1. From the set of residues in the range 12-36 that are under 28 Å from Lys158 (Cα atoms) and outside any strand (DSSP E or B), which is nearest to ligand 1 (Cβ to nearest atom)?
2. Considering the range 61-115 alone, what residues qualify as being assigned to a strand (DSSP E or B), more than 17 Å from Ala150 (Cβ to Cβ) and under 16 Å from the mean Cα position of the chain (by Cα)?
3. Are there any strands (runs of 3 or more DSSP E) wholly within the range 120-229 with 3 or more residues that are within 16 Å of ligand 1 (Cβ to nearest atom) and out of contact with any Cys (no Cβ under 9 Å at 6 or more places or on another chain), and if so which?
4. Against the definition (within 16 Å of ligand 2 (Cβ to nearest atom) and not hydroxyl-bearing (Ser, Thr, Tyr)), how does Ala168 come out, yes or no?
5. Starting from the range 1-13, keep only residues that are closer than 16 Å to Glu54 by Cβ and modelled with pLDDT of 95 or more, then list their pairs with residues that are assigned to a strand (DSSP E or B) and open to solvent by 50 Å² or more (accessible area, probe 1.4 Å) whose Cβ atoms are within a distance under 6 Å, requiring at least 6 positions of separation or different chains.
6. Could you please find all residues in the range 121-136 being under 22 Å from the mean Cα position of the chain (by Cα), surrounded by fewer than 17 Cβ atoms within 10 Å (Cβ to Cβ) and touching a residue at least 12 places away in the same chain (Cβ under 8 Å)?
7. Among the residues of the range 48-67, what is the count of those that are more than 14 Å from Asn8 (Cβ to Cβ) and open to solvent by 70 Å² or more (accessible area, probe 1.4 Å)?
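The values are calculated or read from the model by the stated rules, or taken from the named source; none is laboratory data. No experiment lies behind these values; they were computed from the predicted model shown. Cβ coordinates were reconstructed from backbone atoms using ideal geometry, including for glycine residues, and neighbour counts include every protein chain displayed. These accessible areas exclude ligands, DNA and RNA; they are computed on the full protein's heavy atoms, side chains included. Shrake-Rupley method; radii C 1.70, N 1.55, O 1.52, S 1.80 Å.
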Amino acid sequence: SDVIKIKNLNKWYGNFHVLKDVNLNVKRGEKIVICGPSGSGKSTAIRCINRLEEFQQGSLIVDGVEMIDDVKNIEKIRRDVGMVFQHFNLFPHLTILENLTIGPIWVQKKSKEEAEKTAMMYLERVKIPDQANKYPGQLSGGQQQRVAIARSLCMSPKIMLFDEPTSALDPEMIKEVLDVMVELADEGMTMICVTHEMGFAKKVADRVIFMDGGEIVEQNTPTEIFDNP
Ligand code: ADP
Ligand code: ADP
């Protein structure tokens with residue numbers, strides 16, 4: 001069953017046609033890697049999926065619900081779809097634990113105790129439980145990105161979107177973030193990842209999508225792409 005159905009998505013920034021008839025169906029548990037040159041619309045495309053960006057034409061169905069402009073829909077999509085950004089986007093004035101519990105407490109109305117229990121479980125999973133009471137600025141980039149992933153997981157998303165999650169990291173920190181993403185993939189999470197990490201694509205992607213000039217120009221299995229150049 002398709003958990004995401006994108007049909008003829010078109011978006012303009014003013015006169016600039018940034019997404020041109022993008023079509024994409026994603027099955028539950030599927031892992032998609034999107035690559036392509038800078039400025040080709042990859043980030044805009046995935047930001048449309050969780051409605052961080054508006055689009056002018058086309059239809060988007062997430063988990064069976066058509067995403068028309070409706071506050072209820074936007075709330076549902078923000079619950080169902082987790083997103084990890086290039087620049088972590090953690091609250092600098094909150095501790096790691098507070099960064100992880102603020103959503104569950106305020107959005108999901110969980111008790112502080114329950115939210116903290118879940119947060120600690122995910123901090124253990126991303127292997128930094130000892131950082132819970134520190135502030136983001138005290139952590140390395142790789143650790144902050146793992147916190148950002150854990151923060152998304154605390155909201156129990158059905159789908160995870162990654163927008164170049166390793167491109168702001170020093171090389172030695174890239175692997176620790178990719179390892180967490182591979183684990184998530186192995187656990188069956190539905191994932192759409194914009195990334196230039198071709199080793200990751202080869203390892204986990206069911207499909208690799210190439211975008212250029214706002215269009216999907218090619219899509220194939222990693223085996224087809226990497227082994228039959
Ligand atoms: P990619 O993720 O492939 O690098 P983006 O989706 O970030 O590409 O951007 C696609 C194109 O849209 C680029 O040319 C970029 O400059 C342009 N763009 C992105 N955001 C905006 C915006 N808010 N207003 C106008 N143009 C934008
Ligand atoms: P990223 O690579 O993390 O997607 P960008 O540097 O492409 O970030 O864009 C950063 C912000 O600037 C985004 O909110 C994007 O929408 C906006 N932006 C990008 N290109 C343009 C543009 N040509 N005109 C206006 N805003 C833009």
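1. Going residue by residue through the range 12-36, those that are under 28 Å from Lys158 (Cα atoms) are 18-36.
Those still in the list that are outside any strand (DSSP E or B) too: 28-30, 36.
On the way: Arg28: 25, Gly29: 25, Glu30: 21, Gly36: 6 Å.
Selected residue: Gly36.
2. Of the range 61-115, the ones assigned to a strand (DSSP E or B) are 61-62, 65-66, 81-84.
Right, trim to more than 17 Å from Ala150 (Cβ to Cβ) and you get 61-62, 65-66.
Result: Val62, single match.
3. On the way: elements: 159-163, 190-194, 207-212, 215-220.
The qualifying strands (runs of 3 or more DSSP E) are 215-220.
4. Working: within 16 Å of ligand 2 (Cβ to nearest atom): yes; not hydroxyl-bearing (Ser, Thr, Tyr): yes.
Spelling it out, Ala168 is indeed within 16 Å of ligand 2 (Cβ to nearest atom) and not hydroxyl-bearing (Ser, Thr, Tyr).
5. Asn8/Asp21; Asn10/Gln57
6. Lys127
7. 2
Yes/no matrix, rows are residues, columns are (1) aliphatic (A, V, I, L, M); (2) within 16 Å of the chain's Cα centre (by Cα):
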| residue | (1), (2) |
| --- | --- |
| Val180 | yes, yes |
| Glu183 | no, yes |
| Glu187 | no, yes |
| Val204 | yes, yes |
| Met211 | yes, no |
| Gln219 | no, no |
| Pro222 | no, no |
